[in-house]
Amino acid sequence: MTNKDLNDLIRSRRSIYPPEFLDKPISKETLETILTNGTYAPNYKKTEPWRFKVLQGASKAKLGQFLANAYKNSTPEKQFLEKKYHKIQEKAEKSSAVIALCMQRDPQERLEDWEELAAVAMAVQNMWLTATQLGIGTYWGSPKAIHKAHKIIPLAEGERCLGFLFLGYVKDARQPGIRLPLEERVVWMD
Ligand SMILES: Cc1cc2nc3c(=O)[nH]c(=O)nc-3n(C[C@H](O)[C@H](O)[C@H](O)COP(=O)(O)O)c2cc1C
């Protein structure tokens, strides 16, 4: 891979949403490649705090129902929109797979919570880039319902859900997103 290829890959990684996903399954082998690359993320004290649950079939449908119900239960009746309810439900339905992104807190708390959280986020970036390279669109959804995720996915003591990665093949590669110029975010210091 050339420097240009790497730059293009990083910059063309985008959030792509399920309505754009093709009706094409992602093989287990491909999912394993994505997950394996996730596990090569740096992680302080080598706790490997990431825990992933791959939802397909019935578990994926259950997630869609769970997210839609969470919207219904948290929305006043007058503001509730049937269309939005179905749109949320369809996110899971239109995804070929959904990966629940979970973090296992070190039982001895040898490092800070945010350091483990950062390690999981780095794993997600590895997976996101891998998916991009494979023509698979994805986005990280972090609805409030993640705080009740234990109702649909198994979570061990000290394990917490940070969101869901929705995955599906897409037709076209994406243009880079828009970012602020470096001057607005970088300070060069002597
Ligand atoms: C931790 C995290 C949580 C996110 N949660 C959501 C979400 O709940 N809903 C959503 O539409 N996008 C979510 N996103 C995606 C961002 O909205 C997206 O990355 C941002 O708009 C930049 O677009 P890009 O990914 O195409 O560069 C999340 C991203 C991150 C890193």
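Going residue by residue through region 65-86, is there one that turns out to be farther than 29 Å from residue 117 by Cα and polar (S, T, N, Q)? Yes; the residues of region 65-86 include at least one that is farther than 29 Å from residue 117 by Cα and polar (S, T, N, Q).
Might you check whether a residue that is closer than 20 Å to residue 51 by Cβ, part of a helix (DSSP H, G or I) and aromatic (Phe, Trp, Tyr) occurs anywhere in region 68-87? Before the answer, list the steps.
As a first pass, look at region 68-87 and keep what is closer than 20 Å to residue 51 by Cβ: none.
Checked against the condition, which is being closer than 20 Å to residue 51 by Cβ, part of a helix (DSSP H, G or I) and aromatic (Phe, Trp, Tyr), region 68-87 yields no hits at all.
Taking region 11-27, which residues are surrounded by 11 or more Cβ atoms within 10 Å (Cβ to Cβ) and either in contact with a Ser or Thr (Cβ under 9 Å, 6 or more places away or on another chain) or basic (Lys, Arg) (or both)? Once the filter is applied, which keeps residues that are surrounded by 11 or more Cβ atoms within 10 Å (Cβ to Cβ) and either in contact with a Ser or Thr (Cβ under 9 Å, 6 or more places away or on another chain) or basic (Lys, Arg) (or both), region 11-27 yields 11, 12, 13, 14, 15, 16, 18, 21, 22, 24, 25, 26. Within region 7-58, track down each residue that is assigned to a helix (DSSP H, G or I) and either within 16 Å of the ligand (Cβ to nearest atom) or modelled with pLDDT under 95 (or both). 7, 8, 9, 10, 11, 12, 18, 19, 20, 38 - these are the residues of region 7-58 that are assigned to a helix (DSSP H, G or I) and either within 16 Å of the ligand (Cβ to nearest atom) or modelled with pLDDT under 95 (or both). Among the residues making up region 132-148, those that are touching a helix residue (DSSP H, G or I) at 6+ places or on another chain (Cβ under 8 Å) and assigned to a helix (DSSP H, G or I) are 132, 133, 144, 145, 148. Find all pairs meeting these conditions: Cβ atoms under 7 angstrom apart; at least six residues apart or on different chains; first residue within region 37-62 and on the phi > 0 side of the Ramachandran plot; second residue surrounded by fewer than 14 Cβ atoms within 10 Å (Cβ to Cβ). That search, which allows pairs on different chains as well, returns 45/110; 48/39. Select from region 42-92 the residues that are touching a helix residue (DSSP H, G or I) at 6+ places or on another chain (Cβ under 9 Å) and among the acidic types (Asp, Glu) and write down the one among them that is nearest to residue 102 (Cα to Cα). Filtering region 42-92 for residues that are touching a helix residue (DSSP H, G or I) at 6+ places or on another chain (Cβ under 9 Å) and among the acidic types (Asp, Glu), the one nearest to residue 102 (Cα to Cα) comes out as 48.
Restricted to region 119-171, and to residues that are without any contact (Cβ under 8 Å) to a residue 60 or more places away in the chain, more than 20 Å from residue 91 (Cβ to Cβ) and within 14 Å of the ligand (Cβ to nearest atom), which residue is surrounded by the fewest Cβ atoms within 10 Å (Cβ to Cβ)? Of everything passing the filter in region 119-171, 121 is surrounded by the fewest Cβ atoms within 10 Å (Cβ to Cβ).
The values are calculated or read from the model by the stated rules, or taken from the named source; none is laboratory data. Being a predicted model, the structure only gives us computed values, none of them experimental. Glycine also receives a Cβ, built like all others from the backbone with ideal geometry; neighbour counts cover every protein chain displayed.
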